[in-house]
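**Student:** What follows is a single structure, and I will ask about it in a moment.
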Amino acid sequence: MSVTEIMGRQHFGIRTGAEYLGGLRDDREVWTRGKRVADVTTEPGMARGAATLASFLDNQHKPEFIDTVTYVDDDGDRCAMAYQMPKSLDDVKARGRAYYEWAKWSNGMFGRTPDYKNASLMSFASATSFLAQGFKGQGGEAMARNMVDFYNFARKNDKVLTHTLVNPSVNFQQAASGKFSDKVALQIVKETDAGVIVNGARLLATLGPLADEIEVFPSTVLKASDDNIPFAFAFALPIATPGLKLICRDTYDEGKSHFDAPLSSRYEEMDAVVIFENVLVPWERIFLYGQPELCNQAFGATNAVVHMMHQVACGKLAKSEFITGILCSIAKATGRDKDLYTKGLIAEVMQMTETIRALLYSAEAQSHEDEYGNFVPLRGPLETSRNLYPRMYPRMIEIMQLLGSSSLMATPAEADFSNEIAHDVAQYFQLTNLESRDRVALYRLAHDVAISGFGTRQALYERFFFGPPALMASAYYDLYDKDPLTGRVDNLLSLA
Ligand SMILES: Cc1cc2nc3c(=O)[nH]c(=O)nc-3n(C[C@H](O)[C@H](O)[C@H](O)COP(=O)(O)OP(=O)(O)OC[C@H]3O[C@@H](n4cnc5c(N)ncnc54)[C@H](O)[C@@H]3O)c2cc1C
């Protein structure tokens, strides 16, 4: 059955890739490599990432995926699974299967698929009683309604979201005490009848240029101090809002063929610093306002962080399986799959992969109902996963470098297989179990994982995208149930 045939039979919230790409052709202000981008869907270095995400949106309609990655809501609309409010253990597991399916489409290499933010929106829209406290004066109920309206808007229109949570730190001591620079950090400068005016900068919107909307929420790892009222808010805006600018890093998609750059030619998701220059945020797009303490609690109290960690763990499982697969292919190709040293290193990656799988299983199996009537995976195993992965992934990359060694450099280009040195390349790049062309393809893939700009950025992403590791570990320590353990120590010490 074709996508068109399926779409003819049902009202769809989920969009096609073509609809998504059409939505990106607006007045958004995106800057890269010294110039303003006219159209992100045709801009070299961005267009192929956009096309990849478009193909994933098309996947949602395919018969082999549709029941895994979507659900039909009470209005009969088919929407993305991550938006479904989970009311049972089975619902939580269904969410996990959808996240994992999405992640497999890029083997975890397109990290910021829309299900990440969809999961967070679902949680915030469920936690209306929390958001109802979220206004500095009266009117919290309106904030909660705003959130539900925005959730339904994003859900029914299959919007692709990015988010930006972090104020750039100008002075480390100041940042460590929860204070922000009023010259740089995003802040409210004025209230008007229509909304608030904001000015300043935020780090870092992964997928920003390729998103429809941006969530500007408080970071709950970097806690704001109580006197930070102008910095305390949560809102969302279309990327194409006047005064909103995205300043991008250099692209890692250098226009190479899929053979030459199998990952960076497909999965460039782009990161951008976000500048707000006298941007009007309409009241109906504000979800928290003027209450630093509530902002500090927001992701935890709504359980958004748990649902986001669930999505992340599923993605990291798919990614780790893929890394394991590449390493096993290398071992087999070189005939070193019998070698003790090689097997030991790959077994280490297999064990990391199985650790993530076990934590995911544990979290899902121990799902429980929260105060908003949703089922939520157990937080502890997912916290463990998100604290371990920033150390696991760089170790996986190190192992790929150790096993790949100079083969990661013996990587002629695709064109060398059809030019005047083709016979040399065919002759001298063979391995015991692999013809030259297949060997080069395999090692170019390993290069894109472990050496290229794309691969290095992936490692940086895994280290930091969920927050500063030191602060995440500190939060982990605080959340850990220590009393029964220290109690056992006390019991022993109190024995006569
Ligand atoms: C590739 C990539 C993609 C990202 N995507 C997004 C995104 O989409 N949305 C978003 O909001 N953010 C995103 N981030 C930003 C991410 O949230 C931050 O990098 C992270 O919170 C760390 O903050 P920072 O970069 O300002 O580092 P800093 O806060 O400057 O930290 C630098 C180092 O100091 C340590 N440190 C910081 N504070 C303390 C402290 N008090 N005590 C001891 N050590 C400390 C940190 O652990 C870190 O090692 C992304 C980051 C990367 C690298």
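**Student:** Just name the residue that is farthest from residue 290 (Cα to Cα) out of those in segment 197-211 that are open to solvent by less than 20 Å² (accessible area, probe 1.4 Å) and of a type in the set (A, V, I, L, M).
**Tutor:** Restricting to residues being open to solvent by less than 20 Å² (accessible area, probe 1.4 Å) and of a type in the set (A, V, I, L, M), the top hit is 210.
**Student:** I've got another one for you. Collect the residues in segment 108-120 that are of a type outside the set (D, E, K, R), within 17 Å of residue 60 (Cβ to Cβ) and assigned to a helix (DSSP H, G or I), keeping them in residue-number order.
**Tutor:** Listed by number, the residues that qualify are 116, 118, 119.
**Student:** Restricting the search to segment 85-107, which residues are in a helix (DSSP H, G or I) and open to solvent by less than 50 Å² (accessible area, probe 1.4 Å)?
**Tutor:** The answer is 91, 92, 94, 95, 96, 98, 99, 101, 102, 103.
**Student:** Now a separate question. Search segment 213-235 for residues that are over 13 Å from residue 291 (Cα atoms) and pair each with any residue that is more than 14 Å from the ligand (Cβ to nearest atom) and in a loop (DSSP other than H, G, I, E, B) when their beta-carbon atoms are under 6 Å apart and the residues are at least 6 apart or on different chains.
**Tutor:** Qualifying pairs under 6 Å: 213/159.
**Student:** Something else now. Of the numbered conditions (1) within 30 Å of residue 193 (Cβ to Cβ); (2) open to solvent by 10 Å² or more (accessible area, probe 1.4 Å), residue 288 fails exactly one; give the number of that condition.
**Tutor:** That leaves (2) as the condition not met.
**Student:** Would you tally the residues in segment 210-233 being among the hydrophobic types (A, V, I, L, M, F, W, C) and touching a Gly at 6+ places or on another chain (Cβ under 8 Å)? It would help to see each step written out before you state the result.
**Tutor:** Kept after step one, since they are among the hydrophobic types (A, V, I, L, M, F, W, C), are these residues of segment 210-233: 210-211, 214, 216-217, 221-222, 224, 229, 231-233.
In the following step, the residues that additionally are touching a Gly at 6+ places or on another chain (Cβ under 8 Å) were identified as 210, 214, 221-222, 224, 229, 232-233.
The qualifying residues number 8.
**Student:** Here's another thing I want to ask about it. Restricting to segment 203-216, give me the number of residues that are at pLDDT 95 or above and either farther than 29 Å from residue 266 by Cα or outside any helix (DSSP H, G or I) (or both).
**Tutor:** As a first pass, look at segment 203-216 and keep what is at pLDDT 95 or above: 205-216.
If we keep only those that are either farther than 29 Å from residue 266 by Cα or outside any helix (DSSP H, G or I) (or both) too, we end up with 205-207, 211-216.
Qualifying residue count for the region: 9.
**Student:** Within segment 60-75, track down each residue that is assigned to a loop (DSSP other than H, G, I, E, B) and open to solvent by 30 Å² or more (accessible area, probe 1.4 Å). Before the answer, list the steps.
**Tutor:** Step one: filter segment 60-75 for residues assigned to a loop (DSSP other than H, G, I, E, B), giving 60-65, 73-75.
Selection gives 62, 63, 64, 65, 74, 75.
**Student:** Which count do you get for residues in segment 1-59 that are of a type in the set (S, T, N, Q), assigned to a loop (DSSP other than H, G, I, E, B) and either at pLDDT below 95 or under 19 Å from the mean Cα position of the chain (by Cα) (or both)?
**Tutor:** 2
**Student:** Does residue 82 satisfy the criteria of being touching a residue at least 40 places away in the same chain (Cβ under 8 Å) and surrounded by 18 or more Cβ atoms within 10 Å (Cβ to Cβ)?
**Tutor:** Judged against the criteria, residue 82 is a match.
**Student:** While we're here: How many of the residues in segment 198-217 are under 18 Å from residue 170 (Cα atoms) and within 10 Å of the ligand (Cβ to nearest atom)?
**Tutor:** 3
One line per residue, one yes/no per condition, for (1) of a type in the set (Asp, Glu); (2) closer than 30 Å to residue 183 by Cα:
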{"position": "269", "(1), (2)": "yes, yes"}
{"position": "283", "(1), (2)": "no, yes"}
{"position": "296", "(1), (2)": "no, yes"}
{"position": "300", "(1), (2)": "no, yes"}
{"position": "308", "(1), (2)": "no, no"}
{"position": "342", "(1), (2)": "no, no"}
{"position": "358", "(1), (2)": "no, no"}
{"position": "364", "(1), (2)": "yes, no"}
{"position": "372", "(1), (2)": "no, no"}
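**Student:** How about segment 247-299: which of its residues are over 21 Å from the mean Cα position of the chain (by Cα) and aromatic (Phe, Trp, Tyr)?
**Tutor:** Hits for segment 247-299 are 259, 276, 283, 287, 289.
**Student:** Looking only at segment 441-461, count how many residues are within 19 Å of the chain's Cα centre (by Cα) and touching a residue at least 12 places away in the same chain (Cβ under 8 Å).
**Tutor:** Looking only at that region, the number is 8.
**Student:** Name every residue in segment 485-496 that is of a type outside the set (Val, Ile, Thr) and either at pLDDT 95 or above or assigned to a helix (DSSP H, G or I) (or both), in order of residue number. Steps first, answer last, please.
**Tutor:** Filtering segment 485-496 down to residues of a type outside the set (Val, Ile, Thr) leaves 485, 487-488, 490-496.
Once the filter is applied, which keeps residues that are of a type outside the set (Val, Ile, Thr) and either at pLDDT 95 or above or assigned to a helix (DSSP H, G or I) (or both), segment 485-496 yields 485, 487, 488, 490, 491, 492, 493, 494.
**Student:** Evaluate segment 317-332: report whether one residue or more is of a type in the set (A, V, I, L, M, F, W, C), open to solvent by less than 30 Å² (accessible area, probe 1.4 Å) and more than 19 Å from residue 404 (Cα to Cα).
**Tutor:** Among the residues of segment 317-332, at least one is of a type in the set (A, V, I, L, M, F, W, C), open to solvent by less than 30 Å² (accessible area, probe 1.4 Å) and more than 19 Å from residue 404 (Cα to Cα), which makes the answer yes.
**Student:** Restricting attention to helices (runs of 4 or more DSSP H) lying wholly within segment 406-484, give those where 1 or more residues are at pLDDT 95 or above, open to solvent by 90 Å² or more (accessible area, probe 1.4 Å) and within 16 Å of the ligand (Cβ to nearest atom).
**Tutor:** In segment 406-484, the matching helices (runs of 4 or more DSSP H) lie at 453-464, 469-479.
The values are calculated or read from the model by the stated rules, or taken from the named source; none is laboratory data. Every value quoted in this text rests on a predicted model; they were computed, and no experiment measured them. Quick reminder, even Gly has a Cβ in these numbers, built from the backbone with ideal geometry, and neighbours come from all protein chains shown. When the accessible area is computed, the model is the full protein with side chains, heavy atoms only, and any ligands, DNA or RNA have been set aside. Shrake-Rupley method; radii C 1.70, N 1.55, O 1.52, S 1.80 Å.
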